[in-house]
There are 2 protein chains.
Amino acid sequence: MAKKTSLKDIAQYVGVSTALVSYVLNGKEKQARVSQQKVLEIRQAAKLLDYQPNLIAKSLRKGQTKTIGLIVADISNPFFADLAKKVEEFARELGYIVLFGSSDEQEYKSSYLIDVFLSRQVDAFIVCPVSGTENQIKKLQQTGKPVVLVDRYFPGLPADSVRINNREIAMRAVEHLILGGRRNIALLSYQTDLAHINQRKSGYLKAMEKYGLAVNPELIMEVNYANLVPKVEQKMLAAFNLQDKVDGILFATNSLAIAGLRVIENLGIKVPGDISVVSFDQSEVFDFYYAPLTYIAQGIQSLAENAVLLVSKRLKEQIHARQYMTTILDAKLIIRESSKIETSLQLNGSISGLIQPELRAEKIG
Amino acid sequence: MAKKTSLKDIAQYVGVSTALVSYVLNGKEKQARVSQQKVLEIRQAAKLLDYQPNLIAKSLRKGQTKTIGLIVADISNPFFADLAKKVEEFARELGYIVLFGSSDEQEYKSSYLIDVFLSRQVDAFIVCPVSGTENQIKKLQQTGKPVVLVDRYFPGLPADSVRINNREIAMRAVEHLILGGRRNIALLSYQTDLAHINQRKSGYLKAMEKYGLAVNPELIMEVNYANLVPKVEQKMLAAFNLQDKVDGILFATNSLAIAGLRVIENLGIKVPGDISVVSFDQSEVFDFYYAPLTYIAQGIQSLAENAVLLVSKRLKEQIHARQYMTTILDAKLIIRESSKIETSLQLNGSISGLIQPELRAEKIG
DNA sequence: AATTGTAAGCGCTTACAATT
DNA sequence: AATTGTAAGCGCTTACAATT
């Protein structure tokens, strides 16, 4: 209950001004040319009185809080939970504390969090923006505080951004399925205007096109965030009832995969016997599945590290102010059981109709 | 980039003192008897100038930050991640912001986080304490700030605490297995001095005793946090090699369950055919397992809610200062596939040797 | 020249005084 | 009596002045 000791207490104890104490305890005894004698006395007194600086006072005075506001889209998703954890770790190493918030994919929550964080005087923002918040972000940038978008971004909005090569890696994943002999490859994704999700779709389409594979519209399954499970079920049942059996699927996120795998289970479809499966993101469920899932690892550590580093550089003004930075990280395709090519499949006729990319022009044109 | 507007700016704009502005914007116009005219003008100016209060300044002046420091033991465990999320939600509803930290089961990190949070002038603490930090907590209490222990606690330390009835629910879970016809029931737990974990063991033992079931020491498997997976493997292989086949198991946490299920899979043991499984906590893996796991739901929402509520009451001094509160919540046993009693098992002789509790005295004594 | 102190001010709140 | 203003102070930092 004892009153916390302040700079003033130490100053009185040693018999010196608060200025000296401040210099010494902030390691500025050299610049301020404090005598060795006083340095010792002050340090000793600080320890004796168990001094802990009041960072609130410091923040007010210096106009910086050493605080970063992080807004993720859904903290109950392990992807964002991991991201938050890593951001916190890196930020702490650099002496920053992180204020967390989850917008839960809601515009109004995002707006609310921004206001809370501004009131709390965070020095900078790291945001996984929600659909429809482009203007919020633009306005936020106008405060002059660094804003780094992570994972998600807006193609039309110049901004600091850290993300993966969504389109390329999706393409690579689908190509992997095709080269494994799959032809009727479905995509389960979100119906959204979020660019990173649509880039994944674009990569899927590009791969299918490259190999001359027609895509039945029903194979492109796009669902809303709300009411996910029944929607997924419905779309997947329709797709799996098609005459041409679905033999491969790309899940655009881990949540979709978990919902989708459930349907696959219920239908008694075997992985990878009947269908090859690849998903974005990671999940303990993927590891534990009887056929551990082939997945696209976003390198969460790297995303977090780059975002924090960028923020830190901005705060130190090491980057030209009016020039935004985009960092694109290479995601990795981790191939495991769920997309394993079974020998029988490789050898039977099911891939005979596959058009090799080299031949496509002639065949199609 | 425009300088943020302060109370002073509004005061100047309206032509009034900052005192009036402060009263009005804090809803104290009645107490301060500000004229209706000025109230209107000030409100209007605040909106016009897009005023956002500087909570840092407010905190410094009022000596309270409306901030709660939350220290969890391991944020990568979904149990704690969920807990953190819920704490944040409830705290926000009451106008508090939450500073998070994960001690990762390390004493020094816990100590470090406490110092960081104290420097940041949090108003109160909610802590899942790590083994060996009893003195840290005691010292923290002496600052006079509310400290609420959640999930974990120290039997010897008077403190505000919110937790579940670990012993009783463990007992109930094991009883459930026994009544399902299981006799050789193993426990996979941690080797630790944490009371809540040992209470779970105690409940297990109590149930076994109640039904007169002898417990082979090898069935009580206790492992360290470090190097979890190989340790679990080793202990479980030993237990499952015993002559009397293990036919039931209680996992003391979700992490242990995930490691343990892996071994069960590798051994080709069928759930619940060969073995009934119950685990503490929840996990997506439990839901997705071919035999969804019977589990002990801690009621994370309720834990979080009670912890935040207790903190809030303390801060409002609604509770007698020198009297600590312990809230024990009832956990629930959610029975699913993994402990389903198969008819054949119920009917065959394997439970014939089971001593009914009512008969125990005679049979044993 | 070497060392230390003074005092303002960051943006608020609030007891109290002052004005009409 | 009704309304408004003054000014101190929360705990720091730091430009500058002052002392030896």
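Annotations for the structure displayed:
- Shielded by partner chains, the stretch B:116-159 residues - at least 50 Å² of accessible area, 1.4 Å probe, vs chain alone: B:SER119, B:ARG120, B:GLN121
- With 20 Å bins from 0: P(r) over the protein assembly as shown, alpha-carbon pairs, percent: 15, 40, 33, 11, 1
- Neighbourhood net charge (12 Å Cβ-Cβ; Lys/Arg +1, Asp/Glu -1) for B:VAL277: 0
- Simple label model, 7 Å out from Cα along Cβ direction - A:GLU317 to B:LYS138, nm: 5.1 nm
- Accessible-area composition of the stretch B:7-53, carbon plus sulfur, in percent [1.4 Å probe]: 50 percent
- All Cα pairs of the stretch A:101-203, percent lying beyond 20 Å: 46 percent
- Working from the Cα coordinates of the stretch B:60-105, the gyration tensor eigenvalues give, after taking √(5λ), semi-axes of 23, 13, 4 Å in decreasing order.
- Residue among B:ILE169, B:ILE335, B:ILE71 with the largest mean-square fluctuation in a Gaussian network model of chain B, springs linking Cα atoms under 10 Å: B:ILE335
- Projection of the Cα convex hull of the stretch B:7-53, averaged over all directions and equal to a quarter of that hull's surface, yields 2.7 nm².
- With bins 10 Å wide beginning at 0, the percent of Cα pairs of the stretch A:39-163 falling in each bin runs 12, 39, 28, 11, 7, 2.
- q = 0.20, 0.26, 0.30, 0.32 Å⁻¹: log10 I(q)/I(0) that the Debye formula gives for the stretch B:84-133, counting C-alpha atoms only: -0.72, -1.04, -1.18, -1.24
- Gyration tensor verdict on the stretch B:155-207 (Cα atoms; rounded if a/c is under 1.5, prolate if a/b is larger than b/c, oblate otherwise): prolate
- Kirkwood Rh in Å, taken over all unlike Cα pairs in the stretch A:1-102: 16.1 Å
- The fraction of all Cα pairs in chain A landing in successive 10 Å bins from 0 to the largest distance is 5, 21, 24, 18, 14, 8, 6, 4, 1, 0, given as whole percents.
- Compared with the alpha-carbon gap, the fully stretched path from B:GLN12 to B:ILE335 is longer by 109.6 nm at 0.36 nm per residue.
- Qualifying chymotrypsin sites (Phe, Trp or Tyr not before Pro) in the stretch A:217-303, DSSP loop, other Cβ atoms within 10 Å at most 12: A:TYR290
- By DSSP, the beta bridges lying fully in chain A are antiparallel in about 10 percent of cases.
- Using just its DSSP H runs of length 4 or more, each adding -39500 (n - 2.57), chain B gives a mean residue ellipticity at 222 nm of -13500 deg cm²/dmol after division by all residues.
- Label zone at A:GLN301 (point 7 Å along Cα-to-Cβ), backbone N below 15 Å, the stretch A:83-121: A:83-91
The values are calculated or read from the model by the stated rules, or taken from the named source; none is laboratory data. Here the structure is a predicted model, which means the values were calculated and not measured. In this analysis, Cβ positions are derived from the backbone assuming ideal geometry, glycine residues included, and neighbour counts consider all displayed protein chains. Accessible surface areas use protein heavy atoms only, side chains included; no ligands, DNA or RNA. Shrake-Rupley method; radii C 1.70, N 1.55, O 1.52, S 1.80 Å.
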